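Participant: Have a look at this one.
Every number in this text was worked out from the coordinates using simple rules, so none of it is lab data. Since the model is a prediction, treat every value here as computed from it, not as a measurement. Neighbour counts run over all protein chains shown; Cβ positions are idealised from the backbone, glycine included.
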Amino acid sequence: MNSAHGEVAFLASSKNRVAVLKMLQQGRIDRAAIQAETAVSSATLRRILTDFEARYWIVRQGGTCELTPFGAWAVEEFTNFLNMMQTCSELQQISNGCPETSCRSTFDV
């Protein structure tokens, strides 16, 4: 079993993995459509799908793939995490121009 940290690192280290997962959110899709939309090489897509299948995030039938409930949950939560980190980054940029005393009360978590 993979650790939670390892799973986050696995996804975060590859924009291609995230792109493929997001494509799979649309429902059952064939490899050719994934490859055309994401522009990943055939070999890279094969590795990604094999990795996802080993994690029980997808099931493959013939030439098509679809997310399992675990995969759907993983992509939804990872996307939420990415969006939250993007917002955090933007807020940090804004807060850099604030006097420290006013930002401290506004951005304390």
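Participant: Using C-alpha positions alone, give me the convex hull volume of the chain per residue in cubic angstrom.
Facilitator: Measuring per residue, one finds 126 Å³ for the Cα hull of the chain.
Participant: Among 79, 87, 44, which one moves the most in a GNM of the chain with springs linking Cα atoms closer than 10 Å?
Facilitator: 87
Participant: Still on this model: Show me, for segment 16-33, the HN-Hα J-couplings you get by feeding each phi into the Karplus relation (A = 6.51, B = -1.76, C = 1.60, θ = phi - 60°), rounded to Hz, glycine and proline as x.
Facilitator: 5, 4, 5, 4, 5, 4, 5, 4, 5, 5, 6, x, 4, 8, 8, 4, 4, 5
Participant: Related question: Counting only residues 5 or more places away or on other chains, whose amide H sits under 5 Å from the amide H of residue 58 once H atoms are built in the peptide plane?
Facilitator: Hits under the 5 Å cutoff: 53, 68.
Participant: Pulled fully out, how much extra length does the chain show between residue 64 and residue 47, if you take 0.36 nm times their separation in residues and subtract their Cα-Cα distance?
Facilitator: Difference between extended and current length: 4.6 nm.
Participant: Mind checking which of 49, 91, 21 has the largest fluctuation in a GNM of the chain, springs on alpha carbons under 10 Å?
Facilitator: Top of the fluctuation ranking is 91.
Participant: Work out the length of the dipole vector of the chain about its Cα centre, built from +1 on the beta-carbon of each Lys and Arg and -1 on the beta-carbon of each Asp and Glu, and round it to the nearest 20 debye.
Facilitator: Roughly 440 debye for the chain.
Participant: Given the options 13, 95, 42, which has the most mean-square fluctuation in a GNM of the chain, springs set between C-alpha atoms less than 10 angstrom apart?
Facilitator: Highest fluctuation of the listed residues: 95.
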